[in-house]
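Data first, discussion second: the structure below is written as C-alpha cells.
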Amino acid sequence: MKLSGRGRGCCVAGSRERAPPPRSPFVHQLRLSPLEKAKIAFMTLTLFPIRLFFAAFMMLLAWPFAFIASMGSDEQELEKPLSWWRKIVDVLLKGIMRLMWLAGGFHWINVKGRRALPAEAAILTVAPHSSYFDAIPVTMTFASIVMKAESKDIPVWGTLIKYIRPVFVSRSDQDSRRKTVEEIKRRAQSGKWPQIMIFPEGTCTNRSCLITFKPGAFIPGVPVQPVVLRYPNKLDTITWTWQGPGALEILWLTLCQLHNSVEIEFLPVYIPSEEERKNPALYASNVRRVMAEALGVSVTDYTFEDCQLALAEGQLRLPSDTCLLEFAKLVRSLGLKPENLEGDLEKYAERAMKMKKEKIDLEEFSAYLEFPISSTLESMFALFDENEYGIIDVREFVIALSVVCKPSKTLETIQLAFQLYQSEKGAILEEDLAHILKTAMGVSQINVTHLFRAIDEEERGEITYDDFYRFAELHPHFAEDYLYSEPVGDGSGLGTSSLPAPNGICTDFSPENVEEKTQSLQKKLN
C-alpha cells in the first residue's frame, strides 16, 4: 500500500490535497533527558508524597459535602433553582477542588473568554480531550457530564460524580445510545438543568489535531459554547492516550513537576443554522473547525474506532504511519456498514479467488465492489495503485478489509491471504509473503527475508499456511523478532499502557459495547 505520492494515496476522501496528521493522534511519546530524570527522582522523594497526600485529603474533605447535598435529591428537585444551602455547598466544593488542583501543581488556571449562561448555551463542547486532568473545567463549573453508570459506584469519586448530576450511560443497555442522546436533548431543551459539558471526540488524543466529533452534543440542535483546553508545559506529563505512559505514571510525573500550566478558553457561543440543526454531523464538523482554528491545529477524520484499529490486540501491530487508518476511513465513507463487513469480506474474497492474479482498473474495481465511481472510490483505488499504473491487485484490498473487519484476529487474515496467493500446491513464495504482510500492516515496503527463511526450515523456497501457523504458535512475537529493524521501545519513545477502560472522564456513548475494545493495550510497534 502506498503511503504517499504526488498527492495520491492516504488522502482524505474527496480531497487529493489533504494528508493525515504527521503523527498518530492516539500516541504520546515522552522522552526524558538525564537532567529531567534527576529532577523527577529528587521530586519523588520530596514533593511528590506531600502533594499526593494533600490532593487525596482534599478529595476526602469534599466527599461529606457532596454526600449530604446528594441525599434525597429527586429529578424534580434537581430541575429547580439551587436552594441557599446548596449554593453554599457549591462554593465550598469548588474551593476544595481548586485547592486539590493547587496541591497538584496547578498554581494558576488561566481562563480566557466568558462562560455563557445556561440560557445562552445549554451545552459546553470541550476539546481536545487528552487527559483525566481535563476534569479541571468540570470542577470549576460543576456542569453535568456524560459518564459510565459504573462510575457512580466508585468510592468517594462516585459521590462527587453524582453531585454534578451527570447523564449516566449503561453498558448493559442495548439501547444506551438512543437513551443518552434523548436525555441530553431533554436537558438541553428544558432550560432548567445545569449546563452539560461534553467531550465530543469521545476518547483521548495527544492534542496534535482534532479527530472526528461524535454527534451526541449536536443532535439537540441548540446553541453550544466551544471550550478549548491547552497545557503549555515544557514537558508534557499531562497527556494520557491509548499508547504511551499509563494513568499512574502520568499522575506521578505530573505531581513531580514544580508547576503545571493549563489554559481554558471559552469561545463565542455557536448558534447553528437551520441546515446544521437538521444535520448534526455538519454541525459537529463546523464547530470542530472553529475550535481547531482557535487552537491552531489541523482536523482529521480519524475516529475513536480508528484508535481501536490502530491498537487492537494481535500479532501484527500497525505502525504509526500505516495507511490502514486511511483505508478504514474510506471504507466508512464509501458506505460499507460495519455490521455487514464480515459478509462483504466473504463476498469480495470469493470474487478475488476466482480472479486469481488478474489486475483490474478503476472501472473494473467499481464493478467489483458494486459502487459507482466517486472521489472516495478513486482515493481507495489510489491506496493500492502503488506504482500509479492505473491497475491494482484486488487481493490486497481483501487483505486490508480483513484487517479492518477483524483487527485482533491476525492469523485469520493471514490464512485468508494464503488462500488468495497460494499456488496449486497450497504454498506461497517469499515475494507473496512480502505482499501479504505489507498490505496487512498498511506500509509501502517491508523486508520479510529473515522471517521467510525462519519459517522455511527445509529450504524449499516456499511455505504453506500450516508452516506459518506452526511458526506463529512457537514464536507469538514473530513481528517484533523478524519484521522490525529497531527493538520495540528504543526508537519509538512509546511506553506501555494497560488501560482497563476508555481514557478520560467522559465515556463514549456509542451503541457498541466498548468493554471488549478497551482491554489492556500492549506496546505498539513503530
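What the table below lists for this structure:
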read-out	value
Those residues of the stretch 413-440 which are touching a strand residue (DSSP E or B) at 6+ places or on another chain (Cβ under 6 Å) and of a type in the set (S, T, N, Q), in sequence order	422
Residue within the stretch 195-209 that is of a type in the set (Ser, Thr, Tyr) and not in a loop (DSSP other than H, G, I, E, B) present	no
Residue in the stretch 316-336 that is surrounded by fewer than 15 Cβ atoms within 10 Å (Cβ to Cβ), over 23 Å from residue 414 (Cα atoms), at pLDDT below 90 and under 23 Å from the mean Cα position of the chain (by Cα) present	yes
Qualifying residue in the stretch 167-176 (condition: assigned to a loop (DSSP other than H, G, I, E, B) and on the phi > 0 side of the Ramachandran plot)	no
Qualifying residue in the stretch 149-172 (condition: under 27 Å from residue 285 (Cβ atoms) and either at pLDDT 90 or above or open to solvent by 20 Å² or more (accessible area, probe 1.4 Å) (or both))	no
Residue satisfying condition, being more than 24 Å from residue 325 (Cβ to Cβ), more than 34 Å from the chain's Cα centre (by Cα) and open to solvent by 80 Å² or more (accessible area, probe 1.4 Å), within set 350, 358, 370	358
Qualifying residue in the stretch 218-229 (condition: within 21 Å of residue 148 (Cβ to Cβ) and modelled with pLDDT under 90)	no
Count - residues of the stretch 210-219 that are open to solvent by less than 10 Å² (accessible area, probe 1.4 Å) and over 12 Å from the mean Cα position of the chain (by Cα)	3
Cβ pairs under 7 Å, 6+ apart, first in the stretch 40-66 and assigned by the TED database to the domain that holds residue 248, second polar (S, T, N, Q)	63/159; 66/159
Hey, residue 141 closer than 19 Å to residue 207 by Cα and in the same structural domain as residue 260 (by the TED database) or not	no
Filter pass, residue 402 being surrounded by fewer than 18 Cβ atoms within 10 Å (Cβ to Cβ) and under 27 Å from residue 326 (Cβ atoms)	no
Filter result for residue 122 (open to solvent by 10 Å² or more (accessible area, probe 1.4 Å) and of a type outside the set (S, T, N, Q))	yes
Residue match in the stretch 379-392 (condition: surrounded by 13 or more Cβ atoms within 10 Å (Cβ to Cβ), in the same structural domain as residue 408 (by the TED database), within 30 Å of residue 26 (Cα to Cα) and modelled with pLDDT under 85)	yes
Answer residue from the stretch 24-72, given it is among the polar types (S, T, N, Q) and in a loop (DSSP other than H, G, I, E, B) and is surrounded by the fewest Cβ atoms within 10 Å (Cβ to Cβ) among those	33
Entirely in the stretch 401-484, the helices (runs of 4 or more DSSP H) that have 3 or more residues that are modelled with pLDDT of 90 or more	410-421, 430-441, 449-455, 465-474
Breaking point among (1) touching an Asp or Glu at 6+ places or on another chain (Cβ under 9 Å); (2) open to solvent by 20 Å² or more (accessible area, probe 1.4 Å); (3) not hydrophobic (A, V, I, L, M, F, W, C), for residue 129	(2)
Matching residues, the stretch 247-284, being of a type outside the set (Phe, Trp, Tyr), within 19 Å of residue 216 (Cβ to Cβ) and crowded, with 18+ Cβ neighbours inside 10 Å	272, 276, 280, 284
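Residue by residue, here is whether (1) under 28 Å from residue 116 (Cβ atoms); (2) in contact (Cβ under 8 Å) with a residue 40 or more places away in the chain; (3) not assigned by the TED database to the domain that holds residue 183 holds:
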site: 203; (1), (2), (3): yes, yes, no
site: 207; (1), (2), (3): yes, yes, no
site: 210; (1), (2), (3): yes, yes, no
site: 219; (1), (2), (3): yes, yes, no
site: 223; (1), (2), (3): yes, yes, no
site: 234; (1), (2), (3): no, no, no
site: 247; (1), (2), (3): no, yes, no
site: 253; (1), (2), (3): no, yes, no
site: 256; (1), (2), (3): no, yes, no
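The values are calculated or read from the model by the stated rules, or taken from the named source; none is laboratory data. Just so it is clear, the structure is predicted and the values come from calculations on it, not from any experiment. Heads up, the Cβs are rebuilt from the backbone with ideal geometry, glycines too, and the neighbour counts pull from every protein chain shown. With ligands, DNA and RNA removed, areas are computed over all heavy atoms of the protein, side chains included. Shrake-Rupley method; radii C 1.70, N 1.55, O 1.52, S 1.80 Å.
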